[in-house]
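Input: a single structure, listed below in structure tokens.
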Amino acid sequence: MLPPDEDLLNAFVKSHDEQAFRGLAERYSGLIFHTALRTLGDRTLAEDVAQRVLGVLAKKASHVARGNSPLPAWLHRTTILEAKSARRMESRYHRKKEAIMRAPADSPASDDPAWKDALPHLDAAIDTLPESDRQVLLLHFVNELTFPEIAARLGKSAAAVQKQSRRALEKLQAILGRRGVALSLAILTAGLTTEMAKAGPVLLIPALSTLGKTTTSVLVVKKTTVAALGTTLLLCGIPLARQQASISKLESRLRMATAAPLESRTPSAARGTKSPSLLERLARDLNSKGFDMPRYLSAVDHIAGLSDQEVVAFVKETISSSMSKTEREAIFAQLFQVLFERDVESCLSTLLDVVPADYIGGSQSAGDLLENGVRTLSEHDGVKALAWFREHLETIRSIRKSRSFPAEYWENKMRVALAYGLVFSDPSAAVEVLRPLPIQELTSELSQLVRSREPTLRKDATGFIQVARQLFPEKESHETVAELVGVNLAANDKFQSVDVLLEKYEFTPAEIDAILEKTGKWHLEPASREADGMEKAISEFRAWLESRKTDDIDRLVGETLGETVLSWSRTGEPVYQAMLRCRELGLGDDAILGLLETAGFSLGKEKSGPLAAMLSNPEAAREVLLKIQHGNAR
Amino acid sequence: MKTSLACLGILIGALLLGRWQGARLGHLDNRIEYPKASRTMKASHRAEREDRSDYRTKYARRTVGTTSGEVYERLLSLKAPAGGNMMGPGAALQHREAMEAILQLDLKGIGELMSLVYQSKKLAKTFPMQQIAATLCLIAMADSSPDAAFAHLTENKEWNHLFSSDHIPDDGMLSYVLARMAVDDPQRALDSMRKLENTPKALNDDSIRRLLGQIARRDPALALDVIAELPDADRKRNYQMISHGMESDNERTVLFLSVREALRSKPAEQKLVLKTLCDRFGDSQNSMAESRKWLESLGMTDAEKNLVLDPLCRVLAEGYSTSLLDNARWFAKFMPPSDERDSLILQRIEPALGHEPASMHSFCRELGIDLERMRKIEMSGN
């Protein structure tokens, strides 16, 4: 006796036992094939379906073994599903159906015409039966088990199985009846006995048995499928494989590149690196001041030991080198520093003769050198400096800083640098040198000159006063002269130092007014953060003016306060608060008028109104407010 | 049906795999460039350290048997130079002979000299010569062993007391020593800097930025890693600092490749660094030809080029009208085609060619700019 289905199935699942699978295939190939054939009516298709079902069985064997459903029922259901799937894909179904029906070899055993009509519907009808009824019928007709054997397998009594079998047949009869096939129970039973017990085609068995060897999903494939998949894989695989080869190659190179020890190479042998020249090393070391002072000092000392010719040669090499700007600037500055310390005039001439104008225009260190050099030269020997300037004027004019700067930028810079010394040694020459500059630029440059030459100006400002008087129209002249206040305020007592200044030189009344106003501003501004400080500063300033027996003190104080407001917007409120108490400070109408006329529009209507209201002359108040209003409207 | 689906699946899979392989190839290409350039840079720095003896004589350490006591005697005659004393590392510039003398000592000798300086009542009387002498000693110590100098600064209260009443290590000298350390070993300098995190006021933000700049010159990837960990507000200034700190094209190239690698997923930060790196176009000291050559050597992607459109368009602003057209030609060729690129070119060349319509049209045709279309865009924009 053959082993039961469960044993064969378990043997296959556990050890891929080919014999076991072959046993199952032999046992059920008939059921599968004929179920498929009945459903599809096409022998070829039925074979395909049968193969597919066995393939599914091989794939899902473990699942079937674990399940409760007996194998024939599972196979029958799977065959129906696969057949339906096949039928959907095959439009030939109807055409083939007739061919099948006509084929004598495939005709049912029964010759009854009603049975022939029932065959196409038989399996669908069986499939619609309840699971338990289907199981009983298939075990009885396919496995050819007796009712007691079925009862033993299902754990029921033989009588119950027999009754269930009969009810199942009746149900099947009714289902077929509903499909227009009238069969007696006898014909149905006889037909099922013949039909279900048929063996499968012999050819199938060996093919199916090989399925047991593999359990993959591509166990059963058509040759065409193999060809299509193979071609696709080939088409995609070749470029992918080539690309993968490139990746592997790069990965290998990367591993070598990162793993190669640096020490195994000499620096100069490293790819793309040539030994730096002495100049490049010097330039690099001059940039190491922030982190390697000894190295920096070595480079400085080495350059200091070069002859003039060697320095000039290095300058030329620097200009034509491919060093970075930082390196170039460092070496350039140091090379010229050496020449500068030896002879300023020669250094400047070398700069203009050796270095191209466009290089000087774009180099901070060259520009600084030129400016400092001319200043130094004019300070030591104004005549020599002037001669040098005239000799090199054309070259200086060819230097351009950049397109956004005026063409005469460097010429003007040089003129101001010349004035640095000439103002003291030859004021007339200084005036001549400075005259081409625009007034606005001149006032700014002379203010800077005052700040940079404070010690010299403190000793003697005669030249400066002369230059300012000759160079500027009246107003600018007075304001420039008044810049001298800043020089003398360096002393501890501001007012006393200005007294000294006023006694030392003969100033015009307008210049004196400008100096007093400037002194007031210097005194008031630092105190103007709060009203109290402002009141104190106003009182001090007023007392100083009284001590100097100055005319129009109130107006001067008012105008100075106005200038203070204008020069520093934060002082507006403290000045306003202080001026509300101007009577207590001893200030008259002129102080209020001076303030309002100078900075009324800046104080605004809200502050100007109350201040104007304090004026004793209402007409003057109205007039000044109108002026402010008009000024604001404008 | 199933076969077709399977084939389609294989094709899609192959496509995805192909794309991944392409990306991987690009990534590897970049990475292979980095070690190449990095190695060149490291070799250059190594050469920098090794070739100092070429002209370094006075400041090279000698074995003439000079003792710390002898050098101390010389320090006692230190005098304030005209114009006032420089404190910090700059003191070495004003007292070069003393510096030269101290550098003749070995590490042990420098340590002995320092003890003499701290205990010197004579030096204490000539304020601030005791501080200056101590500073010179520390510079010499850093030259011999940055680690020893760092340990001295952070652990020697006596030294710190000379400079600050609250015993905080001097910021200027700490920066100097750490920067010196970074020349030989950036990672060690970084680790040392981190040791100071718990010492308040030890290093200010500027000093940290400068040190990162120094580290970046030696190892840009390391500096980028550190900056990535900083708060948002600090990152921008640090990125700018390291970009500005690059002194040679080779260093800039390595930084560019490092940035490409490290900031791949941060386009805003990548843009910031690349923009700063490309600022050299506003720098008239670097010839346009050199700058162009460097840019072309980077192998920038179109996306990277677009990130630096602003600094690169300066190429069109600098120079005179004769070179403007040449620069515009280069710019049009280098940058990927876009309306923005064309608009920038037109803005710059119109003042030069606008009065000659025929030349303008001809030049635009040469550059592949659709002048009429661009003018319509401009009009609609207005």
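The values are calculated or read from the model by the stated rules, or taken from the named source; none is laboratory data. Bear in mind that the values here come from a model prediction, so they are computed numbers and not experimental data. In this analysis, Cβ positions are derived from the backbone assuming ideal geometry, glycine residues included, and neighbour counts consider all displayed protein chains.
With a requirement of 1 or more residues that are within 14 Å of chain B (Cβ to nearest Cβ), over 30 Å from A:Ala429 (Cβ atoms) and at pLDDT below 90, the helices (runs of 4 or more DSSP H) lying completely within region A:319-388 that satisfy it span A:325-342, A:357-362.
Taking region A:27-42, which residues are of a type in the set (D, E, K, R) and either at pLDDT below 80 or farther than 21 Å from A:Leu192 by Cβ (or both)?
Taking region A:27-42 first, the residues of a type in the set (D, E, K, R) are A:27, A:38, A:42.
Within region A:27-42, A:Asp42 is the sole residue that qualifies.
Kindly check whether there is at least one residue in region A:380-397 that is surrounded by 16 or more Cβ atoms within 10 Å (Cβ to Cβ) and among the small types (Gly, Ala, Ser). Looking through region A:380-397, at least one residue is surrounded by 16 or more Cβ atoms within 10 Å (Cβ to Cβ) and among the small types (Gly, Ala, Ser). Among the residues of region B:114-134, the ones that are under 40 Å from the mean Cα position of the chain (by Cα) and without any contact (Cβ under 8 Å) to a residue 12 or more places away in the chain come to 3 in all. Each residue in region A:601-629 was checked for being modelled with pLDDT of 80 or more and assigned to a loop (DSSP other than H, G, I, E, B), and 4 of them qualify.
When you scan region A:508-600 for helices (runs of 4 or more DSSP H) that lie fully inside it, which ones turn up with 3 or more residues that are under 20 Å from A:Ala621 (Cα atoms) and not hydrophobic (A, V, I, L, M, F, W, C)?
Per the criteria, A:553-567, A:572-579.
Taking the numbered list (1) within 14 Å of chain B (Cβ to nearest Cβ); (2) surrounded by fewer than 21 Cβ atoms within 10 Å (Cβ to Cβ); (3) in contact with a Phe, Trp or Tyr (Cβ under 8 Å, 6 or more places away or on another chain) in turn, A:Ile439 passes all entries but (1).
Criterion first (crowded, with 20+ Cβ neighbours inside 10 Å, touching a residue at least 60 places away in the same chain (Cβ under 8 Å) and under 30 Å from B:Arg188 (Cα atoms)) does B:Glu261 satisfy it? Full working, then the answer.
Values: crowded, with 20+ Cβ neighbours inside 10 Å: no; touching a residue at least 60 places away in the same chain (Cβ under 8 Å): yes; under 30 Å from B:Arg188 (Cα atoms): yes.
In short, no.
For the structure I just gave you, tell me whether B:Ala233 is away from chain A (no Cβ under 14 Å), surrounded by fewer than 18 Cβ atoms within 10 Å (Cβ to Cβ) and closer than 17 Å to B:Leu190 by Cβ. No. Scan A:Glu82, A:Glu90 and give me the residue that is modelled with pLDDT of 80 or more and within 60 Å of the chain's Cα centre (by Cα). Going through A:Glu82, A:Glu90 in turn, the sole match is A:Glu82.
A single member of A:Ala407, A:Ala419 is of a type in the set (Gly, Ala, Ser) and within 14 Å of another protein chain (Cβ to nearest Cβ), and it is A:Ala407. If the condition is being out of contact with any Lys or Arg (no Cβ under 8 Å at 6 or more places or on another chain) and aromatic (Phe, Trp, Tyr), then region A:572-626 contributes only A:Phe601.
Residue-level check: of (1) assigned to a helix (DSSP H, G or I); (2) at the interface with chain A (Cβ under 7 Å from one of its Cβ atoms); (3) closer than 24 Å to A:Leu286 by Cα; (4) at pLDDT 60 or above, B:Cys7 misses just (3). For A:Leu587, the criteria (1) closer than 30 Å to A:Ala461 by Cβ; (2) crowded, with 16+ Cβ neighbours inside 10 Å hold in every case but one, which is (1). Within region A:286-312, restricting attention to residues that are among the polar types (S, T, N, Q) and more than 17 Å from B:Ala179 (Cβ to Cβ), the residue that is nearest to the chain's Cα centre (by Cα) is A:Ser298.
The number of residues in region B:277-331 being assigned to a helix (DSSP H, G or I), at pLDDT 80 or above and among the polar types (S, T, N, Q) comes to 3. Taking helices (runs of 4 or more DSSP H) as the structural unit, those lying wholly within region A:174-286 and holding at least 3 residues that are at pLDDT 55 or above correspond to A:185-196, A:223-259, A:278-286. Any idea which residue in region A:289-307 is farthest from the other protein chains (Cβ to nearest Cβ), counting only those that are of a type in the set (Gly, Ala, Ser) and assigned to a loop (DSSP other than H, G, I, E, B)? Of everything passing the filter in region A:289-307, A:Ser307 is farthest from the other protein chains (Cβ to nearest Cβ). Scanning region A:534-560 for residues that are of a type in the set (A, V, I, L, M) and free of Cβ contacts under 8 Å to residues at least 40 places away in the same chain yields A:Ala537, A:Ala543, A:Leu545, A:Ile553, A:Val557.
Quick check on A:Glu327: is it of a type outside the set (A, V, I, L, M), within 19 Å of A:Leu279 (Cβ to Cβ) and without any contact (Cβ under 8 Å) to a residue 40 or more places away in the chain? Walk me through it before giving the result.
Working: of a type outside the set (A, V, I, L, M): yes; within 19 Å of A:Leu279 (Cβ to Cβ): yes; without any contact (Cβ under 8 Å) to a residue 40 or more places away in the chain: no.
Spelling it out, it is not the case that A:Glu327 is of a type outside the set (A, V, I, L, M), within 19 Å of A:Leu279 (Cβ to Cβ) and without any contact (Cβ under 8 Å) to a residue 40 or more places away in the chain.
Let's see how each residue does on (1) basic (Lys, Arg); (2) in contact with a Gly (Cβ under 9 Å, 6 or more places away or on another chain):
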position: A:Gly23; (1), (2): no, no
position: A:Ser29; (1), (2): no, yes
position: A:Arg77; (1), (2): yes, no
position: A:Ser85; (1), (2): no, no
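Any residue at all in region A:396-411 that's without any contact (Cβ under 8 Å) to a residue 40 or more places away in the chain and more than 47 Å from the chain's Cα centre (by Cα)? Within region A:396-411, none of the residues are without any contact (Cβ under 8 Å) to a residue 40 or more places away in the chain and more than 47 Å from the chain's Cα centre (by Cα). Just wondering, is there one or more residues in region B:190-203 that are under 17 Å from the mean Cα position of the chain (by Cα), at pLDDT 85 or above and assigned to a helix (DSSP H, G or I)? Yes, some residue in region B:190-203 is under 17 Å from the mean Cα position of the chain (by Cα), at pLDDT 85 or above and assigned to a helix (DSSP H, G or I). If the condition is being surrounded by 12 or more Cβ atoms within 10 Å (Cβ to Cβ) and either under 17 Å from B:Leu153 (Cα atoms) or within 14 Å of chain A (Cβ to nearest Cβ) (or both), then region B:181-194 contributes B:Met181, B:Ala182, B:Val183, B:Asp184, B:Asp185, B:Pro186, B:Arg188, B:Ala189, B:Leu190, B:Ser192, B:Met193. Screening B:Pro186 on (1) at pLDDT 85 or above; (2) within 18 Å of B:Met141 (Cα to Cα) shows it passes everything except condition (2).
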